[in-house]
Amino acid sequence: MSEKTINKDISCMDDFDPESILPEEALTRIFNAISGLTEKETVPIRNALSRVLASNIKSEINVPSGRNSAMDGYAINAEDLPSEGINTLRLIGSSFAGRPYTGKLKKGECIRIMTGAIMPEGSDTVVIQENVNTIENEISIGIDTRAGDNVRQAGEDLAVGDLVLEKGMRLSPADIGLLASLGIATVDVIRKLKVAFFSTGDELRSVGEELEVGMIYDSNRYTLYGMLSRLGVEIIDMGVVKDDRELMDMAFKEAAGNVDVLITSGGVSVGEADYVKETLVKHGKVDFWKVAMKPGRPLTFGKLDSTYFFGLPGNPVSVMVTFYQFVQPALRKLAGENETRPIMMKVPCISKLKKRPGRVEYQRGVLEQDETGRMIVRKTGAQGSGILRSMADANCFIVLPINNDGVQPDDLVDVQVFHGLI
Ligand code: AMP
Ligand code: MG
């Protein structure tokens, strides 16, 4: 569908603001504006957890390095497996993990072998100890084992030359373990992003200060701090900036060109004291400033020298929704990570949901199994953009498309699951 037809279709929707763009267009514009950093640093693998890998890792060794036993039992040659009845073999030695048997097996012979121990020459099969009868220096085996059973081949996990980890991936504990299994001590990762943020509003007090009448505690700097910490960026908390043109000017100038990203909250509506957009116009460039979404319609994206700028709305839930939909994907791309899309699924919603056509809505939900074991989603209480509890209780967003006009119990809805970095 072209942009024109979308606008024609949605112009009749009562909640649609013609100056706004669709969330998917906003994300595309953000991705188009951003190219990933390439500056690297070398870190020990333990410090590489959650960092973005800067170059491909290929295996220079086989893991495991040699053929070894997957079980405790007896190493034999498959030719000695009976086709019926039982066969008796002579026990000539043992192989432990780290203490291999150095001789060679001949026909009719076997050795005792432990998990992880190297398979001696002449053997190709392990009979597990539960399937063996031992009488002095002999064992008898039945027909329960097949040729090649219970043996791990050299290079079965990683073979020489295999691409093990790809540039642009965020390293998980399993990845760190893989690196260790290859004997790699340090890796190149993309340098940490520098992200600054401040809150705007004369009504804001910081935690620890006294709350006079009409004032509220600033929670956005705390949710932002948490969401940014999960991404492993370098955080610069610039505090609260009052609704004042000059102070706003100074704060913008302080950040411009000195950090990779500046995030503000509040002051992006069209109220008397909302100076964020005009300050960005003055010092930088606005890409877009309204998105057809709820919560979070006023959302400014642009650039301030070399610094990317996100002006998030003031309401606490709007901050988190716009962060997860736009800022987090943007920071991940900027940090050199390969583009990822959130996990979405369609499930029945057991709550009735109110919605007017004209905006994409991100209601907060709990995805869970009902008493019959089927996956369902329900909403988390009141959905106002100031009710942070709705976010704290949630484990997913219920994403309702622009033209949806409400959900009846058991309607199928799209759910975006919180996972990983959320
Ligand atoms: P604004 O976009 O500045 O008009 O703010 C919208 C709403 O969000 C107002 O009710 C503000 O009081 C509230 N708000 C703005 N910033 C914060 C903050 N940092 N913490 C909590 N609430 C905020
Ligand atoms: Mg304000």
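The values are calculated or read from the model by the stated rules, or taken from the named source; none is laboratory data. What you see is a predicted model; the values in this text were computed from it and never measured. Reconstructed Cβ throughout: ideal geometry from the backbone, glycine too, with neighbour counts over all protein chains shown.
Conditions tested, residue by residue: (1) over 28 Å from the mean Cα position of the chain (by Cα); (2) outside the structural domain of residue 356 (by TED's automatic domain parsing); (3) surrounded by fewer than 18 Cβ atoms within 10 Å (Cβ to Cβ).
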| site | (1), (2), (3) |
| --- | --- |
| 231 | no, yes, no |
| 243 | yes, yes, no |
| 254 | yes, yes, yes |
| 266 | no, yes, no |
| 278 | yes, yes, yes |
| 281 | yes, yes, yes |
| 288 | no, yes, yes |
| 296 | no, yes, no |
| 301 | no, yes, no |
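Residues that are surrounded by 21 or more Cβ atoms within 10 Å (Cβ to Cβ) and either in contact (Cβ under 8 Å) with a residue 40 or more places away in the chain or touching a Gly at 6+ places or on another chain (Cβ under 7 Å) (or both): which strands (runs of 3 or more DSSP E) entirely in segment 351-422 hold 3 or more of them?
On the way: elements: 360-369, 375-379, 396-400, 412-417.
The strands (runs of 3 or more DSSP E) meeting that bar are 360-369, 396-400.
Which of (1) at pLDDT 95 or above; (2) surrounded by 18 or more Cβ atoms within 10 Å (Cβ to Cβ) is the odd one out, the single condition residue 306 does not satisfy?
(2)
Return the pairs, sorted by first residue and then second, in which the second residue is among the aliphatic types (A, V, I, L, M) and buried (at least 20 other Cβ atoms within 10 Å of the Cβ), the first residue lies in segment 282-294 and is closer than 28 Å to residue 358 by Cβ and free of Cβ contacts under 8 Å to residues at least 24 places away in the same chain, the beta carbons are less than 6 Å apart, and the residues are 6+ apart or on different chains.
Once the first residue is closer than 28 Å to residue 358 by Cβ and free of Cβ contacts under 8 Å to residues at least 24 places away in the same chain and sits in segment 282-294, its partners that are among the aliphatic types (A, V, I, L, M) and buried (at least 20 other Cβ atoms within 10 Å of the Cβ) give 286/280.
Residue 114 fails exactly one of the following numbered conditions: (1) within 30 Å of residue 184 (Cβ to Cβ); (2) in contact with a Lys or Arg (Cβ under 8 Å, 6 or more places away or on another chain). What is the number of that condition?
Residue 114 satisfies all of (1) within 30 Å of residue 184 (Cβ to Cβ); (2) in contact with a Lys or Arg (Cβ under 8 Å, 6 or more places away or on another chain) except (2).
Find the residue count for segment 171-210, including only residues that are within 16 Å of ligand 1 (Cβ to nearest atom), at pLDDT 95 or above and not charged (D, E, K, R).
Residues in segment 171-210 being within 16 Å of ligand 1 (Cβ to nearest atom), at pLDDT 95 or above and not charged (D, E, K, R): 7 in total.
Restricting attention to strands (runs of 3 or more DSSP E) lying wholly within segment 193-278, give those where 3 or more residues are out of contact with any helix residue (DSSP H, G or I) (no Cβ under 7 Å at 6 or more places or on another chain), more than 14 Å from ligand 2 (Cβ to nearest atom) and without any contact (Cβ under 8 Å) to a residue 60 or more places away in the chain.
Where strands (runs of 3 or more DSSP E) fall fully within segment 193-278 and carry at least 3 residues being out of contact with any helix residue (DSSP H, G or I) (no Cβ under 7 Å at 6 or more places or on another chain), more than 14 Å from ligand 2 (Cβ to nearest atom) and without any contact (Cβ under 8 Å) to a residue 60 or more places away in the chain, they are 234-241.
For segment 84-169, give me every one of the strands (runs of 3 or more DSSP E) that falls completely inside it and has 2 or more residues that are without any contact (Cβ under 8 Å) to a residue 60 or more places away in the chain. Don't jump to the end; show me each part of the working.
Details: elements: 87-95, 109-113, 125-128, 132-135, 138-141, 163-165.
Here the list reads 87-95, 109-113, 125-128, 132-135, 138-141.
Considering segment 34-63 alone, what residues qualify as being crowded, with 16+ Cβ neighbours inside 10 Å and aliphatic (A, V, I, L, M)?
34, 37, 45, 48, 52, 53, 54, 57, 63
Criterion first (within 16 Å of ligand 1 (Cβ to nearest atom) and either on the phi > 0 side of the Ramachandran plot or not assigned by TED's automatic domain parsing to the domain that holds residue 317 (or both)) does residue 373 satisfy it?
no
Considering only residues that are more than 14 Å from residue 402 (Cβ to Cβ) and small (Gly, Ala, Ser), which ones fall in segment 352-383?
Scanning segment 352-383 gives 365, 373, 381, 382.
Return a yes/no flag: does segment 92-103 have any residue that is closer than 17 Å to residue 140 by Cβ and either under 52 Å from the mean Cα position of the chain (by Cα) or surrounded by 13 or more Cβ atoms within 10 Å (Cβ to Cβ) (or both).
Step one: of segment 92-103, the residues closer than 17 Å to residue 140 by Cβ are 92.
Then keep just the ones that are either under 52 Å from the mean Cα position of the chain (by Cα) or surrounded by 13 or more Cβ atoms within 10 Å (Cβ to Cβ) (or both); that gives 92.
Yes; the residues of segment 92-103 include at least one that is closer than 17 Å to residue 140 by Cβ and either under 52 Å from the mean Cα position of the chain (by Cα) or surrounded by 13 or more Cβ atoms within 10 Å (Cβ to Cβ) (or both).
Could you run through segment 248-299 and say how many residues are more than 11 Å from ligand 1 (Cβ to nearest atom) and among the hydroxyl-bearing types (Ser, Thr, Tyr)?
1
When the residues of segment 279-297 are filtered to those that are within 16 Å of ligand 2 (Cβ to nearest atom) and touching a Gly at 6+ places or on another chain (Cβ under 8 Å), which remaining residue is farthest from residue 26 (Cα to Cα)?
Among them, the one singled out is 280.
Condition first: more than 23 Å from residue 331 (Cβ to Cβ) and among the hydroxyl-bearing types (Ser, Thr, Tyr). Now tell me which residues in segment 41-59 satisfy that.
Residue satisfying the conditions is 59 alone.
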